[in-house]
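Just so it is clear, none of the values below were taken in a lab; they were calculated from the coordinates. The structure displayed is predicted, hence computed values, not measured ones. All Cβ positions, even for glycine, are placed from backbone atoms using ideal geometry, and neighbour counts span all protein chains on display.
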Amino acid sequence: VQLQASGGGLVQAGDSLRLSCAASGRTFSGYYMGWFRQAPGKEREFVAPITWSGGSTYYARSVKGRFTISRDNAKSTVFLQMNSLKPEDAALYYCAAAPLNRGFDQQKYYDYWGQGTQVTVSS
């Protein structure tokens, strides 16, 4: 089972980035696919989840209105479009998978994790 996150980079405040998470090794149709982030010295923070079936989404208050999570079922890939980036969005971004019969907003619900992709935002 592999979750491969990519798309991070160095951008300026106000710029956009799109992260990708390619899932492989098993069927994730019964799972939330979520994004988390962790800045240096801080706890890992929930960002957003999506379901493969109906595409239901939810956003942390800190990113709502700026970030959009989506998925491409045919490619088993989840995306995180990040617009109007702020310096406080800088972090290592992780994708993860949690069964639908659990919650989606805490790390403990997630069974599978990707390796993370770094997002740096300069002011």
Relative intensity, log₁₀ I(q)/I(0), of region 1-104 from a Debye sum that treats every alpha carbon as a point, q = 0.13, 0.21, 0.22 Å⁻¹: -0.43, -1.11, -1.21
Taking only C-alpha pairs under 8 Å that are 6+ residues apart, what is the relative contact order of the chain in percent? 35
Tell me the net charge near Asn83. Cut-off is 15 Å between Cβ atoms, Asn83 excluded, with +1 for each Lys or Arg and -1 for each Asp or Glu. +1
Taking the chain as a Gaussian network, Cα atoms linked when under 10 Å apart, which of Ala48, Ala91, Ala13 shows the biggest mean-square fluctuation? Ala13
With +1 on the Cβ of every Lys and Arg and -1 on the Cβ of every Asp and Glu, the dipole magnitude of the chain about its Cα centre, in debye rounded to the nearest 20, is 140
Near Trp113, within a Cβ-to-Cβ distance under 13 Å, what is the net charge of the other residues, with Lys and Arg +1 and Asp and Glu -1? +2
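Can you tell me the length gained on complete extension of the stretch Ala22 to Ser6, counting 0.36 nm per residue apart and subtracting the Cα distance?
Stretched fully, the Ala22-Ser6 segment lengthens by 4.9 nm.
If each residue of separation counts as 0.36 nm, what is the full-extension length gain between Ser122 and Lys42 once their alpha-carbon separation is subtracted?
27.0 nm
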